[in-house]
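Only the coordinates and a few stated rules stand behind these numbers; no lab work does. Worth saying up front: this structure is predicted, and the values here are computed from it rather than measured. When we count neighbours, we look across all protein chains shown, and the Cβ atoms used for this are built from the backbone with ideal geometry, even at glycine.
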Amino acid sequence: MKLKTIFFILLAPSIFTGINAQELYPYSEPASNMPAQSISLKMGTMLHKTVHSNELKQRHMPEIMFGISKEWMVHAGINFSDMHQDKMKFEALRFYTKYRFLSLDELHKHFRMAAFAAGNYSKNHLDHNEINMMGDQSAIQVGLIATQLWHKLAISGTGSLVEVVDKERWSKQNQGNYAFRAFNYSLSAGYLLFPKDYTDYNQTNINLYAELIGSRNINFPMEKYFVDLAPSIQFIFKSTAKLNFGYRFQLSSDIYRIADRSYLISYEHIFLNALKRKKRTITETVL
């Protein structure tokens, strides 16, 4: 009985997605992966007011995630938005895959690294030089993630290159008028606030996060960079459901942006072993 209790205490913080709760950053990905053979469904909504009209705009981002193995995971998503038009409509398709290639695990701490690639297909027209992977442009991205956990605190850093592949931006008449390549980065910290001690899988986790999110355009000298800060709070229910509330605001920028602050609400539910094949019974094998 004593051994079972110790085993539970060691594993409890990491049940939701195979990683410690304080690594489940609302705005970025850690180097760790969700459990193998699992499926996760996520619905995210971003709200902001435009800088030029103060009109409330929204983006809805349903997403499905697959834990292929302990090294590989895949995301696929779709966007509906009125951020670039007057009414809500289909905006973009999104794809993301991550490969964890390094794991240095110890008791109550670990260091992990992963490589990732992402792609967006967007129907939006070019209208600003903020390059991101939220669906504003058609783009591809490759990058690296490093995550360090110390008991209740997790720190993660991401660096990536993003290339816009929109034909409109590469046309002769637009060459030199828009940014098409950027270095994007983030520095994220997460802290497990509650529970202080684990006694049951059904305990609600409360995590606090702060994420520094930035980008620097490589080819465009007139509008070069932005840096944002995104604090957030997270609730994990029954080890399988995650609810996030975040507020992202601009610290500094020389880029004309649609909005310099936004709100994020997202809900995610994981189905463990959903991809695992059921073992055939002796009767089924005979038949």
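Structure above, values below:
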| item | result |
| --- | --- |
| Per residue, the convex hull volume that the Cα atoms of the chain enclose (Å³) | 161 Å³ |
| Vicinal HN-Hα couplings computed from phi for segment 261-275 (Karplus, 6.51 cos²θ - 1.76 cosθ + 1.60; Hz; Gly/Pro x) | 7, 7, 10, 10, 10, 9, 10, 9, 9, 9, 10, 5, 6, 5, 9 |
| Computed [θ] at 222 nm, helices only, for the chain once each DSSP H run of length n ≥ 4 contributes -39500 (n - 2.57) | -1500 deg cm²/dmol |
| Acute angle (nearest 10 degrees) that the helix 2-11 long axis makes with the longest principal axis of the chain, alpha-carbon atoms | 10 degrees |
| Given 89/242; 57/224; 42/89; 49/196; 152/224; 57/109, the pairs whose alpha carbons are separated by over 29 Å | 49/196; 152/224; 57/109 |
| Fewest-first sequence of 66, 245 by Cβ atoms within 10 Å of each Cβ | 245, 66 |
| 9 Å beta-carbon shell around residue 89, net charge (K/R +1, D/E -1) | 0 |
| Computed magnitude of the charge dipole of the chain (debye, nearest 20; Cβ of K, R +1, Cβ of D, E -1) | 860 debye |
| Residues 212, 161, 149 arranged by fewest to most Cβ contacts within 10 Å | 161, 212, 149 |
| Scaled radius of gyration (Cα, divided by 2.2 N^0.38 Å) that segment 7-139 gives | 1.24 |
| Relative contact order, percent, the chain [alpha-carbon distance under 8 Å, six or more residues apart] | 18 percent |
